[in-house]
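> Below is the structure I would like to discuss, written out as structure tokens.
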Amino acid sequence: MIATRTVQSYIGGKFRESRASKADQIPDPATGQTIASLPYSTAEEIDEAVAAAKKAFLSWSETPVPDRAQVMFRFKALFDQHIEELSALVTKENGKTLDESRGEVKRGIEVIDFACGAPTLMMGQSLDQIARGIDEELIRFPVGVVAGITPFNFPNMVPLWMIPVAIVTGNTFVLKPSQLTPLSAMRIAELLQEAGLPDGVFNVVHGANDAVNQLLTHPDVAAVSFVGSAPVAAYIYKTAAAHGKRVQALGGAKNHILVMDDADLELSAPHVISSAFGNAGQRCLAGSVAVGVGKIGDALVRELAKDASQLKIGPGTDPKTTLGPVIRGARKQKLIEYIDGAQSEGARLVTDGRQVDGGDGFFLGPTILDGVTPKMTVWKDELFGPVLSVMRASDIDEALELLNSSTYGNMASIFTSSGKNAREFKRRAQAGMLGVNIGVAAPMAFFPFTGWKNSFFGDLHATGQDSIRFYTRHKVVTTRWL
Ligand code: NAD
């Protein structure tokens, strides 16, 4: 089991105490009580992790693809077996409800399932007789040592967007999980070890900016997979690319949900609520802006307020809870400042979540702001908490113009009963993941996670065929036998 007091690192197949003297205290967001201490890895330890990954690459990249896939099958079986325990760990360090954690872990398992298909997914292409007596083939090879840098909001699933595909394609990996939620990463390391992954193929180091910068500029790191906020994603993209690495950097979001006046309001509103407030709004696919299109605006606000009042705030461990805490007290404070600021900029506070009796936990109730305009900070910034802005548009053209003026382009959804509106939306909305009568349009693992604009920096996205291409490089061989 994991060390809950002092979080270890995992380097070259060994769980190790860090030599660092400084450590963060990790609280349970529902109680504020310390559950672990996290020493940051030293620069030497990070070098050791990269060196272990570099060494392991020599034999792992030569291991037959079906044998690598067998490790994934065993890893998947272990994940299935431990799903409750893994979910409880996510709830403990992140605060989300147990149901949300189960959903997260199952989504992670989907990526392992996908990676089990590596022998098929890694196949190249060939063409016989491209000229007289000459054949040509494209072959895929792993790229080398991959660094993964992940956020706090999906401590189990987001590392799994990367690890199974990266390693099954023959790469080795150094993970630097969020310093706010480092525990799930260590459990993943234990299960990979139990699944028979050779030492050094997967490593975990801890820390914040310094650790990330060391990985981004390390001469032995070939590729960087990043998921986090937009400004950091932009920085990661530029810095890693400037150091000659291939990079995919998934950023933040401001997802709009259009509710057309031809939509069934009673059926649609619960989806908007669950999109906005699920995972306490700390989701890159959270619908944080609801746009009432046509005459539906006032009725939409009433329905949303009614549904939001049904949410049950509490610790994620209580099965009745539908809205858990946010990750830290400082983030809660920042969200309250956003709500105060929106009010002073003229937004109307319909549902006020600022006063919640949550003891020392970091609880913020569901908050709905009406009359939000594109001039307000609350619309421009990603808030990343249980705060929903409501806006109005007279028709679909105006709604699409509003949505498309966002600097983000992760997800957008439409609720409508009109095929014409849905088609217009599908063709014209400038976001990479779209939902039609779906509140959280999360692609399955065999499709890529396709953010646009400031929600993604790079060329090849996470998961799906994109991820196979990201973690491999091609060779084209042209052959003639004389
Ligand atoms: P974050 O950007 O603060 O941190 C992400 C990672 O980057 C962490 O490991 C952190 O240690 C590191 N980091 C942070 N600041 C850094 C800096 N200045 N230099 C180097 N490294 C740095 O993100 P977070 O608060 O942990 O996570 C929430 C964010 O992640 C939200 O913006 C959310 O939308 C985004 N997110 C996006 C997706 C997606 O698929 N697009 C998925 C999940 C989360």
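The values are calculated or read from the model by the stated rules, or taken from the named source; none is laboratory data. Since this is a predicted model, take the numbers as computed values, not measurements. Counting neighbours? That spans all protein chains shown, and the Cβs are built from the backbone with ideal geometry, glycine included. Remember, those area values only see protein heavy atoms, side chains included, never the ligands or the DNA or RNA. Shrake-Rupley method; radii C 1.70, N 1.55, O 1.52, S 1.80 Å.
> Somewhere in region 120-134, is a residue crowded, with 16+ Cβ neighbours inside 10 Å and assigned by TED's automatic domain parsing to the domain that holds Q70? Walk me through it before giving the result.
So the first thing to find is which residues in region 120-134 are crowded, with 16+ Cβ neighbours inside 10 Å, and the list is 121-122.
Filter once more, so that each one left must be assigned by TED's automatic domain parsing to the domain that holds Q70: 121-122.
So far as region 120-134 goes, yes, one or more of its residues are crowded, with 16+ Cβ neighbours inside 10 Å and assigned by TED's automatic domain parsing to the domain that holds Q70.
> Would you mind telling me which numbered condition in (1) under 18 Å from the mean Cα position of the chain (by Cα); (2) buried (at least 24 other Cβ atoms within 10 Å of the Cβ) A208 fails?
Result: A208 fails condition (2) only.
> I'd like the full set of residues that are of a type outside the set (S, T, N, Q) and open to solvent by less than 10 Å² (accessible area, probe 1.4 Å), limited to region 82-93. Write out each step before concluding.
As a first pass, look at region 82-93 and keep what is of a type outside the set (S, T, N, Q): 82-86, 88-90, 92-93.
Those that are of a type outside the set (S, T, N, Q) and open to solvent by less than 10 Å² (accessible area, probe 1.4 Å): L86, V90, E93.
> So which strands (runs of 3 or more DSSP E) are wholly in region 99-159 and hold at least 2 residues that are away from the ligand (no atom under 16 Å from the Cβ)? Talk me through it step by step, then tell me what you get.
Values: elements: 125-131, 134-142, 145-149.
Per the criteria, 125-131, 134-142.
> Based on what the data block shows, is E44 surrounded by fewer than 17 Cβ atoms within 10 Å (Cβ to Cβ) and either within 30 Å of P119 (Cβ to Cβ) or not assigned by TED's automatic domain parsing to the domain that holds I167 (or both)?
On the way: surrounded by fewer than 17 Cβ atoms within 10 Å (Cβ to Cβ): yes; either within 30 Å of P119 (Cβ to Cβ) or not assigned by TED's automatic domain parsing to the domain that holds I167 (or both): no.
No; evaluated as a whole, the condition is false for this residue.
> For region 109-154, which positions are touching a helix residue (DSSP H, G or I) at 6+ places or on another chain (Cβ under 9 Å) and β-branched (V, I, T)?
Residues satisfying the conditions are I109, V111, I112, V143, V145, V146, I149, T150.
> State the number of residues belonging to region 160-179 that are more than 6 Å from the ligand (Cβ to nearest atom) and outside any strand (DSSP E or B).
Result for region 160-179: 13.
> While we're looking at this one, here's another question. Collect the residues in region 200-237 that are closer than 17 Å to V168 by Cβ and of a type outside the set (S, T, Y), keeping them in residue-number order. Walk me through it before giving the result.
First, the residues of region 200-237 that are closer than 17 Å to V168 by Cβ: 200-203, 222-223, 225.
Listed by number, the residues that qualify are G200, V201, F202, N203, A222, A223.
> Take V390 and decide whether it is outside any helix (DSSP H, G or I), of a type in the set (A, V, I, L, M, F, W, C) and open to solvent by 10 Å² or more (accessible area, probe 1.4 Å).
Taking the combined requirement at face value, the residue does not satisfy it.
> Within region 187-197, is there a residue that is of a type in the set (S, T, N, Q) and either away from the ligand (no atom under 14 Å from the Cβ) or in contact with a Phe, Trp or Tyr (Cβ under 9 Å, 6 or more places away or on another chain) (or both)? Show your work before the answer.
Within region 187-197, the first condition is being of a type in the set (S, T, N, Q), and the residues that meet it are 193.
From what's left, either away from the ligand (no atom under 14 Å from the Cβ) or in contact with a Phe, Trp or Tyr (Cβ under 9 Å, 6 or more places away or on another chain) (or both): 193.
The answer is yes; a qualifying residue exists.
> Report the residue count in region 236-250 for those that are of a type in the set (D, E, K, R) and open to solvent by 60 Å² or more (accessible area, probe 1.4 Å). I'd like the intermediate steps shown before the answer.
Here is the first cut: in region 236-250, the residues of a type in the set (D, E, K, R) are 238, 245-246.
Narrowing further to those that are open to solvent by 60 Å² or more (accessible area, probe 1.4 Å): 238, 246.
Selection size over region 236-250: 2.
> Tally time: how many residues in region 287-333 are within 16 Å of the ligand (Cβ to nearest atom) and either open to solvent by 10 Å² or more (accessible area, probe 1.4 Å) or hydroxyl-bearing (S, T, Y) (or both)? First the steps, then the outcome.
Taking region 287-333 as the starting set, the residues that turn out to be within 16 Å of the ligand (Cβ to nearest atom) are 287-289, 324-333.
Those left that are additionally either open to solvent by 10 Å² or more (accessible area, probe 1.4 Å) or hydroxyl-bearing (S, T, Y) (or both): 288, 328-333.
Summing the residues that are within 16 Å of the ligand (Cβ to nearest atom) and either open to solvent by 10 Å² or more (accessible area, probe 1.4 Å) or hydroxyl-bearing (S, T, Y) (or both) in region 287-333 gives 7.
> A further question on this structure: Of all residues in region 334-387, which are open to solvent by 60 Å² or more (accessible area, probe 1.4 Å) and within 19 Å of A305 (Cα to Cα)? Full working, then the answer.
Going through region 334-387, the residues open to solvent by 60 Å² or more (accessible area, probe 1.4 Å) turn out to be 334, 337, 340, 343-345, 348, 352, 355, 357, 359-360, 374-375, 380.
The answer is D340, Q343, R348, D352, Q355.
> Shifting gears a bit: Quick test for you: out of G108, G95, G103, pick the one residue that is within 21 Å of the chain's Cα centre (by Cα), assigned by TED's automatic domain parsing to the domain that holds M123 and without any contact (Cβ under 8 Å) to a residue 12 or more places away in the chain. Spell out how you get there, then give the answer.
Working: G108 fails: without any contact (Cβ under 8 Å) to a residue 12 or more places away in the chain; G95 fails: without any contact (Cβ under 8 Å) to a residue 12 or more places away in the chain.
One residue alone meets the criteria, G103.
> Related question: Might you check whether a residue that is touching a strand residue (DSSP E or B) at 6+ places or on another chain (Cβ under 8 Å) and assigned to a helix (DSSP H, G or I) occurs anywhere in region 83-97?
yes
> Which condition number in (1) open to solvent by 10 Å² or more (accessible area, probe 1.4 Å); (2) touching a helix residue (DSSP H, G or I) at 6+ places or on another chain (Cβ under 8 Å); (3) of a type in the set (D, E, K, R) is the one that K96 fails?
Only one criterion is unmet by K96, namely (1).
> Moving to a separate point now. Output the residues belonging to region 392-447 that are of a type outside the set (F, W, Y), out of contact with any strand residue (DSSP E or B) (no Cβ under 9 Å at 6 or more places or on another chain) and touching a residue at least 60 places away in the same chain (Cβ under 8 Å).
Result: M444, A445.
> I need the full set of residues from region 180-198 which are out of contact with any strand residue (DSSP E or B) (no Cβ under 6 Å at 6 or more places or on another chain) and either among the aliphatic types (A, V, I, L, M) or assigned to a loop (DSSP other than H, G, I, E, B) (or both), in order please.
Step one: filter region 180-198 for residues out of contact with any strand residue (DSSP E or B) (no Cβ under 6 Å at 6 or more places or on another chain), giving 180-181, 183-184, 186-188, 190-191, 193-198.
Selection gives L180, T181, L183, M186, I188, L191, A195, G196, L197, P198.
Yes or no, residue by residue, for (1) assigned by TED's automatic domain parsing to the domain that holds E45; (2) more than 9 Å from the ligand (Cβ to nearest atom); (3) open to solvent by less than 20 Å² (accessible area, probe 1.4 Å):
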{"residue": "A223", "(1), (2), (3)": "yes, yes, yes"}
{"residue": "M260", "(1), (2), (3)": "no, yes, yes"}
{"residue": "A263", "(1), (2), (3)": "no, yes, yes"}
{"residue": "L267", "(1), (2), (3)": "no, yes, no"}
{"residue": "P270", "(1), (2), (3)": "no, yes, no"}
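> Can you tell me which residues in region 432-482 are open to solvent by less than 10 Å² (accessible area, probe 1.4 Å), outside any strand (DSSP E or B), within 16 Å of the ligand (Cβ to nearest atom) and aliphatic (A, V, I, L, M)?
A445
> Being within 30 Å of E44 (Cβ to Cβ), within 11 Å of the ligand (Cβ to nearest atom), within 21 Å of the chain's Cα centre (by Cα) and open to solvent by less than 10 Å² (accessible area, probe 1.4 Å) narrows it down to one residue among A253, A233; which is it?
Result: A233 is the single residue among A253, A233 that is within 30 Å of E44 (Cβ to Cβ), within 11 Å of the ligand (Cβ to nearest atom), within 21 Å of the chain's Cα centre (by Cα) and open to solvent by less than 10 Å² (accessible area, probe 1.4 Å).
> Follow-up. Got a sec? Which of F73, F114, F79, F57 is modelled with pLDDT of 95 or more, closer than 21 Å to W161 by Cα and touching a strand residue (DSSP E or B) at 6+ places or on another chain (Cβ under 6 Å)? Even if it seems obvious, please write down each step before you answer.
Values: F73 fails: touching a strand residue (DSSP E or B) at 6+ places or on another chain (Cβ under 6 Å); F114 fails: touching a strand residue (DSSP E or B) at 6+ places or on another chain (Cβ under 6 Å); F79 fails: touching a strand residue (DSSP E or B) at 6+ places or on another chain (Cβ under 6 Å).
None of the other options fit; the residue is F57.
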